[in-house]
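Values in this text are rule-based calculations from the coordinates and carry no lab data. Fair warning: this is a prediction, and the values are worked out from it, not measured in the lab. Quick reminder, even Gly has a Cβ in these numbers, built from the backbone with ideal geometry, and neighbours come from all protein chains shown.
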Amino acid sequence: MLKRSDLPQVIPVFPLPGALLLPRSRLPLHLFEPRYLAMFEDVLKTPDRLIGMIQPDPRFSGAEDEAKGPPLHLIGCAGRVTQFSETEDGRYMITLAGVSRFRLREEVAGFVPYRRASVDWAGFEQDLAREEERDPGFDRATFLTLLDKYFRAKSLDTDWETLEKAEDEMLINSLSMLLGFDPEDKQALLEAPSLTTRRETLVTLIEYALRGGDETGVLQ
């Protein structure tokens with residue numbers, strides 16, 4: 001497991017709307033654009049193999065830099081490449097294991113086609129803890145009842161036995177990543193300061209969707 005002292009100050013960042021990575025969770029990605037293929041090949045040469053997942057910030061829509069791309073949110077999450085496979089036509093299927101959230105300081109110019117940023121890891125010490133985070137006030141039975149209503153409303157199927165056995169963090173984080181909320185809702189889930197706050201945010205989003213919100217959930 002990486003320690004805070006092992007984390008680099010500059011990392012490549014992958015802006016991807018709606019893609020949420022959380023600490024101790026896994027995110028599959030399909031890389032096919034030349035700039036991200038170059039990023040991946042460079043990342044494999046580093047000892048930490050980190051990629052920073054971060055979302056574009058729609059509040060600054062229209063302020064896109066032609067050279068860099070859209071402005072970014074200030075908080076993202078870095079993942080370590082743990083698995084990858086190459087297709088016959090040169091694309092990559094990779095898996096990132098969430099390591100720690102970070103705060104973006106500034107973007108770093110360089111002679112590479114992808115974006116890089118100077119980042120600050122302070123304030124996210126819990127992300128690097130060996131033990132999973134707990135949610136002391138979690139009423140699992142009530143939560144699963146609400147989740148069942150949501151799945152029925154969205155015509156979704158899932159493995160209930162696995163959900164019922166999952167630890168608090170895995171359950172809450174997996175649902176936060178997989179349910180199809182809007183990008184800004186995903187950002188709110190990412191920025192939640194604790195697992196309890198993330199669960200409360202998740203419940204609010206599910207309840208809003210059941211009241212007629214526009215979210216369309218997709219759980220695989």
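Observations on the structure shown:
- Rounded, prolate or oblate (a/c below 1.5 giving rounded, otherwise prolate when a/b exceeds b/c) for the stretch 140-210 by Cα gyration tensor: oblate
- Added length on full extension, which subtracts the Cα-Cα distance from 0.36 nm per residue, TRP160 to ALA129: 8.4 nm
- Sorting ARG59, ARG49 from the fewest to the most surrounding beta carbons within 10 angstrom yields ARG59, ARG49.
- Label point distance in nm, ARG211-PHE32, each placed 7 Å from Cα along Cα→Cβ: 3.9 nm
- Burial ordering of THR201, THR158, THR82, fewest other beta-carbon atoms within 10 Å first: THR82, THR158, THR201
- Inter-probe distance in nm under a simple model that places probes 7 Å from Cα toward Cβ, at THR145 and LEU74: 4.0 nm
- Span from the the stretch 90-111 Cα centroid across to the the stretch 141-173 one, whole angstrom: 30 Å
- In plain terms, the chain from VAL108 to VAL10 could stretch by 34.5 nm, reckoned as 0.36 nm per residue minus the Cα-Cα distance.
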